[in-house]
Amino acid sequence: MLAEAGQENAGLVDIGDGLACAFKIESHNHPSAIEPYQGAATGVGGINRDIFTMGARPVAQLNSLRFGNLSSDKNKALLRGVVKGIGDYGNAFGVPTVGGEVFFDDCYNVNPLVNAMSAGIVETGKTVSAISYGLGNPVFIVGSSTGKDGIHGATFASGDLHEDSADDLPSVQVGDPFTEKLLLEASLEVIKTGAIVGMQDMGAAGIICSTSEMSAKGKHGMIIHLDRVPTRQQNMQAWEILLSESQERMLLVVKKGKEAEVKKVFEKWDLNCVHIGDVTTGNQLKFYMDRELVADVPAESLVLGGGAPVYNREYSVPAYYKENKRFSIDNVSEPEDLKEVARFLLSHPNIASKRWIYNQYDSMVGTVNMSTNKPSDAAVINIKGTDKAIALTVDCNSRYVHADPEQGCAIAVAEASRNIVCSGAEPSAITNCLNFGNPYNKEVYWQFVQSIKGMGKACRKFQTPVTGGNVSFYNQSSFEGPVFPTPTIGMLGVLKSKSSFTGLAFRKAGDHIFLIGESVNDISSSEYLYSWHKIKKSPAPHFDLDVEFKNQQVVKDAIKKGLVCSAHDVSDGGLFVTLAESAMASDLGFSIETDF
Amino acid sequence: MKTGIVVFPGSNCDEDMVYVVQHIMKQPTVKLWHKDHSLQNCDLIILPGGFSYGDYLRSGAIARFSPIMNEVMEFALRGGIVFGICNGFQILCESGLLPGALMHNPSHQFICKNVFIKSVTENSEITRHIREGQVLKIPVAHGEGNYYADASTIEKLNVNDQVLFRYCDESGNVTAESNMNGSIQNIAGICNENRNVFGMMPHPERASDSQLGNTDGRIIFESLYNLVNA
Amino acid sequence: MKFTAEIDVMPLKALLDPQGKAVKHGLKNIGLSTIENVRIGKHITIEIEASNREEAQVKIEEACKKLLSNPVMESYHFSISEN
Amino acid sequence: MKFTAEIDVMPLKALLDPQGKAVKHGLKNIGLSTIENVRIGKHITIEIEASNREEAQVKIEEACKKLLSNPVMESYHFSISEN
């Protein structure tokens, strides 16, 4: 790991050949519930800015989506809007969407989860940090103009809001992928000039957040003239400019004397590039509006860990946790028509092909996606000019995590690692997006604490450090309870040589099919039990971390020795669905004998 | 042949094109910035895929008025070879260098997947090495690929043998099912009357690198550069 | 009776209109530089059968509210004329 | 002087309008079944500075012809009002 977790905008991992991979996953759940198209689109915009603000060029995107029951028109509309928003933004921005997952359950009925992940490549040592220092260095705001976006989102006394007539406050933030593409190219170009001290994209709380984070990190202060900030709406007040969350903007600290060089790059790309202030010594942030001091705050106190309060919350074991344990497979009747069950599972939205979704994403721009013509469990991305490739996956079965957060979260990490290994890669590191309910609910906080335990245990076992991530609380379902605890795991893997790339489709008739790992008579929390038998209360499936690790080593070695034609992990829907998927991807059949 | 690849704000397949033309076809290549007015005396101009100006208003509508398009149009009217792929094809239609227009896909959704196209003429620089009727698996990725022109224009295209590719199934049948964007008569690519300006919606540059498992698109570049299996 | 409704659905004024911004830039490229503000929305025409103008009015209002415009981001207005 | 142009760019009548058809279907689903024909195009508003109405007229005409509409598949009409 090249960057300590949480220190930079995204996790940074050395992948050899003088290259590093910056990757991260973030949520945009609540904006997507209000307006699915723009909510999802701005989520894609935000996560990609976290990558290129570090000087890395995004090479691949993934997303993890959760919706309520597809029988309701509202959820169908949410799905259509979110998918179109991700597609329209990602396709125009020009980074291939190479993988992802989608899961449907009643608990997400009013609160969909939209997690967007992006990964970028940068030469080690060429990264840019979100830092500000050097007395007199000019501070620039670049990219889109500032509007009153996200202002109602700020935790302000409603009294302050009534001065703005309602129609002056944008109800929703609108993403502009075209400006984001210009911002990407201009940012990477300006970094090459060597004129940049530090750079930070503007996310939540806009200017106030980026100025304080960069200053606290560089242990310097700033003087900022808010009246110089280019605005989109007339007569914006100082606090609105400070808090605005308008999209596609960055804050740059430039080396004194290099201003002209920086302006030239942004002018080439027709983007705003305005000098709004300067770095000072000390750690005070002084904000002026038409030369009048409107805010004078220490940078330190606003930054996470720099002085922001730390809470210790109580938690308690929920009643359902014990009830689940009472489930026994013996009182589950075996259906007469097993073919009917197979047909039911293969056509269930959680298992059926997601072609309708991913065909709306440009998965091939950049000509690096090796999985286009050779589908694999994790998406494999060619690193041109080297013999390397990277593998990316995003996984989490939130039903397992609900049944047993510690075990379920460990399974999520294990499944991500399995997908990476089955595609011929070596698991390297993870990022995570922790989507949970209201943290003041003791049972939710228990889910949170247990999930973190499970994740830590599994990451240590698979030696995949947590490089950073994002937390989203207050995801509540329609029946007042929380949504399923959903700690989405985004994992990076590395293929030292592209020759180890392994697909999931059967290759030739006559090849032998091996099942690695011991089958246990266990259907807990399976799609079969939950959706066919409608038995909602059962524990998490059987799971042994050590055995899981050993199984993965066996697959890794077999692939290294060139013995493997294809590999596919057994997950949702079980062995039958896994075999069917490998068969359908290759127009070949299979015949297996079971020994009972 | 020195190739100039035009970069508009919002183009995102320019690097993919440079990679194929320079590294795989081994041709000298320069990128031409849309604000410049010099074509750096290139022998051949390529307008790459992407979302020039975010595809706002209509795909290619705004890019058509970029400064460099004056020179590109003069170059084309003098007989210079201009090849537009996806967004490039849309820009060539918007600028009138190619007849017709690319409308929204009937589904009003973006479509990205491998499709089959069939070469329907050997009489063009980009199909001269492709046997007429040969089927190629080439990916498409667009939201506005529905080629339309009025009846008399379509008539002329057919009579003058100006249609280069049609969408088809794996065995070369031009069927309604294989037409994913509603284009008239499954038209996937055309050339102008003077046979020096070419446009196609599918992306051959995305099927030219053996590392990606499909090189059906390479034969189009081999025709363009008159090379035999580069 | 047959009526025709001409409906305009526009993004709310306060919202960023990326398309309008790009078209304004395009218009500058063709020499029309005295343009302040460009906003782009949808124009929808509907032919509707109704017993009288008021009924047509009510039906079109309902169509706009329920389907044609997204109140979170758009406003609409329409006019109705007899065929 | 400041003028505002209201421009409608519609697909040519001869063209199939799949979006219009989809919306008509949607309207039927919410009980508005007496609808014959739905066509969807763009509504563009432009604020333009011009010395007089004629000049504004000429400029907007040029904008429509050159950029805002594509004659192969669209037709336009506009009205101009003084701010």
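Taking the Cα centre of the protein assembly as shown as origin and charging only Cβ (+1 Lys, Arg; -1 Asp, Glu), how large is the dipole, in debye to the nearest 20? Provide the component values of the computation, followed by the final result.
Details: 93 positive and 117 negative charges, 315 e Å.
Rounded to the nearest 20 debye, it is 1520 debye.
Which angle between 0 and 90 degrees, to the nearest 10, do you get for helix A:206-218 versus the longest principal axis of chain A when only C-alpha atoms count?
90
Which angle between 0 and 90 degrees, to the nearest 10, do you get for helix A:405-422 versus the longest principal axis of chain A when only C-alpha atoms count?
That works out to roughly 80 degrees.
Run the accessible area of the protein assembly as shown with a 1.4 Å probe and give the carbon-and-sulfur part as a rounded percent.
Working: 20590 of 39270 Å².
Answer for the protein assembly as shown: carbon and sulfur cover 52 percent of the accessible area.
Using protein heavy atoms only (no ligands, DNA or RNA), what is the total accessible area buried between C and A, 1.4 Å probe, nearest 100 Å²?
Details: alone 5960 and 25800 Å², together 30650 Å².
About 1100 Å² of accessible surface is lost on pairing.
Considering only the label points, 7 Å along Cα→Cβ from Cα, what distances in nm to one decimal separate residue D:52 from the same position in each other copy, shortest first?
Nearest to farthest, the other copies are at 4.7 nm.
When the Cα centres of the range A:37-81 and the range A:488-522 are compared, how far apart do they sit, in Å?
Measuring centre to centre over Cα atoms gives 28 Å.
For residue D:1, which inter-copy label distances result when the label point lies 7 Å beyond Cα on the Cα-to-Cβ vector, reported in nm to one decimal and in ascending order?
3.7
Give the total of Lys-Lys pairs in chain B with Cα-Cα distances below 26 Å; include a pair only if its members are 8 or more places apart or on different chains. Provide the component values of the computation, followed by the final result.
Details: B:2/B:26; B:2/B:31; B:2/B:35; B:26/B:137; B:113/B:137; B:118/B:137; B:118/B:156.
Qualifying lysine pairs in chain B: 7.
Quick one: Karplus J couplings for the range A:85-94, per residue in order, coefficients 6.51, -1.76, 1.60, θ = phi - 60°, nearest Hz, x for Gly and Pro?
Whole-Hz 3J(HN,Hα) from phi for the range A:85-94: x, 5, x, 4, 6, x, 5, 5, 5, x.
Roughly how many Å² is the accessible area per residue of the protein assembly as shown, as a whole number, for a 1.4 Å probe? Before the final figure, lay out the partial values.
Working: 39270 Å² over 992 residues.
On a per-residue basis, 40 Å².
Karplus couplings for the range A:29-35 from phi (6.51 cos²θ - 1.76 cosθ + 1.60, θ = phi - 60°), rounded to Hz, Gly and Pro as x?
Those phi angles translate into 5, 5, x, 6, 6, 6, 9 Hz.
Give me the residues in the range B:205-221 whose solvent-accessible area, probe 1.4 Å, is reduced by at least 40 Å² once all protein chains are included instead of the chain isolated.
In the range B:205-221, residues shielded by partner chains: B:206, B:211, B:212.
Taking only pairs that are 8 or more places apart or on different chains, how many Lys pairs in the range C:2-82 have Cα atoms under 21 angstrom apart?
Going through the range C:2-82 pair by pair, I get 11.
Would you tally the net charge around residue C:60, using a Cβ to Cβ cut-off of less than 14 Å, leaving residue C:60 out, and scoring K and R as +1, D and E as -1? Don't skip to the answer; put the middle values down first.
Values: positive: C:2, C:53, C:59, C:65, C:66, D:24; negative: C:6, C:8, C:47, C:49, C:54, C:55, C:61, C:62, C:82, D:36.
That sum, taken over residues with Cβ under 14 Å, equals -4.
Considering the rotational relationship between chains C and D, which residue of chain C contributes the beta-carbon of minimal distance to the axis, and what is that distance to the nearest Å?
Closest to the axis: C:43, 2.
In the Gaussian network model of chain B, springs joining C-alpha atoms below 10 Å, which of B:87, B:70, B:194 carries the largest mean-square fluctuation?
B:194
Can you list residues whose amide H is under 5 Å from residue A:476's amide H, if they're 5+ apart or on another chain and H is modeled 1.01 Å from N?
The answer is A:483.
Could you compute the FRET efficiency for residue A:275 and residue A:126, with r as their C-beta to C-beta distance and R0 at 22 Å, rounded to 0.05? Could the numbers behind the result be given before it?
Values: r = 25 Å, r/R0 = 1.14.
It comes to 0.30.
Using a Cα-Cα cut-off of under 17 Å, which aspartates and glutamates could be cross-linked to residue A:550, ignoring same-chain neighbours fewer than 8 residues away?
Within the straight-line cut-off, residue A:550 pairs with A:415, A:426, A:518, A:569.
Can you give me the Cα centroid spacing of the range A:330-384 and the range A:87-145 in angstrom?
Taking the Cα centre of the range A:87-145 as reference, the centre of the range A:330-384 is 25 Å away.
Counting only protein heavy atoms and rolling a 1.4 Å probe, how much accessible area do B and C lose on contact, total for both sides, in Å² to 100? All intermediate terms of the calculation are to be shown ahead of the outcome.
Details: alone 9530 and 5960 Å², together 14830 Å².
Summing both chains' loss of accessible area gives about 700 Å².
Go through the range A:256-352 and name the chymotrypsin sites (Phe, Trp or Tyr not before Pro) that are in a DSSP coil and have 11 or fewer other Cβ atoms within 10 Å of their Cβ.
Values: sites: A:266, A:269, A:287, A:288, A:311, A:315, A:320, A:321, A:327, A:344; in loops: A:269, A:311, A:315, A:327.
Those that pass, being in a loop and sparsely packed, are A:311.
Going by the alpha-carbon gyration tensor, a ≥ b ≥ c the square roots of its eigenvalues, is the range B:29-151 rounded (a/c under 1.5) or, if a/c is not under 1.5, prolate (a/b greater than b/c) versus oblate? Mind dumping the intermediate values first?
On the way: a/c = 1.77, a/b = 1.17, b/c = 1.52.
Because a/c hits 1.5 or more and a/b fails to exceed b/c, the range B:29-151 counts as oblate.
Among B:3, B:13, B:63, which residue has its Cα positioned farthest towards the positive end of the charge dipole of chain B, with +1 placed on the Cβ of Lys and Arg, -1 on the Cβ of Asp and Glu, and the dipole taken about the Cα centre?
B:3
Quick check: from the Cα gyration tensor, does the protein assembly as shown come out rounded (a/c under 1.5), prolate or oblate?
Numbers: a/c = 1.34, a/b = 1.15, b/c = 1.16.
Because its axes are fairly even, with a/c under 1.5, the protein assembly as shown counts as rounded.
Kindly express, to the nearest 10 degrees and within the range 0 to 90, the angle between helix A:177-192's C-alpha long axis and the longest C-alpha principal axis of chain A.
70
Could you work out which residue, out of D:49, D:61, D:36, moves most in a Gaussian network model of chain D, that is, has the largest mean-square fluctuation with Cα springs under 10 Å?
Highest fluctuation among the options: D:36.
Normalised by the residues of chain A, what does the relative contact order come to in percent, with Cα pairs under 8 Å and at least six apart?
Relative contact order here is 16 percent.
For the pair residue A:534/residue A:227, report the inter-label distance in nm, with labels modelled 7 Å from Cα in the Cβ direction.
The modelled label-to-label distance comes out at 6.9 nm.
Net charge around residue D:41, counting only other residues with Cβ within less than 9 Å of its Cβ (Lys, Arg = +1; Asp, Glu = -1)?
Working: positive: C:42, D:39, D:42; negative: D:8, D:17, D:74.
Taking every Cβ under 9 Å from that of residue D:41, the sum is 0.
Give me the accessible area buried between chains C and D, both sides summed, with a 1.4 Å probe, in Å² rounded to the nearest 100. Walk me through the intermediate numbers first.
On the way: alone 5960 and 5940 Å², together 9210 Å².
That pair hides around 2700 Å² of surface in total.
Search the structure for amide H atoms under 5 Å from the amide H of residue A:103, placed 1.01 Å from N in the peptide plane, and list their residues when 5 or more places away or on another chain.
A:65, A:66, A:67
Kindly give the distances from residue C:13 to its copy-mates, label point to label point, with each label point 7 Å from Cα along Cα→Cβ, as nm values to one decimal ordered shortest first.
Values, ascending and in nm: 3.7.
Report the FRET efficiency, 1/(1 + (r/R0)^6), for residue B:78 and residue B:122, where r is their Cβ-Cβ distance and R0 is 25 Å, rounded to 0.05. Numbers along the way, then the final one.
Details: r = 25 Å, r/R0 = 1.00.
After rounding to 0.05, the efficiency reads 0.50.
Which of the aspartates and glutamates could a cross-linker bridge to residue A:84, judged by Cα under 19 Å and excluding same-chain residues fewer than eight apart?
Answer for residue A:84, where 19 Å is the Cα cut-off: A:26, A:35, A:73, A:101, A:176, A:180, A:362, B:55, B:144, C:17, C:74, listed by chain and number.
Determine which aspartates and glutamates satisfy two conditions relative to residue A:508: a Cα distance under 18 Å, and not lying fewer than 8 residues away in the same chain.
Straight-distance partners of residue A:508: A:581, A:587.
The values are calculated or read from the model by the stated rules, or taken from the named source; none is laboratory data. Quick caveat, the model's predicted, so the values are computed rather than measured. Glycine gets a Cβ as well: all are built from the backbone with ideal geometry, and neighbour counts include every protein chain shown. Quick note on the areas: whole protein, heavy atoms, side chains included, nothing else; ligands and nucleic acids left out. Shrake-Rupley method; radii C 1.70, N 1.55, O 1.52, S 1.80 Å.
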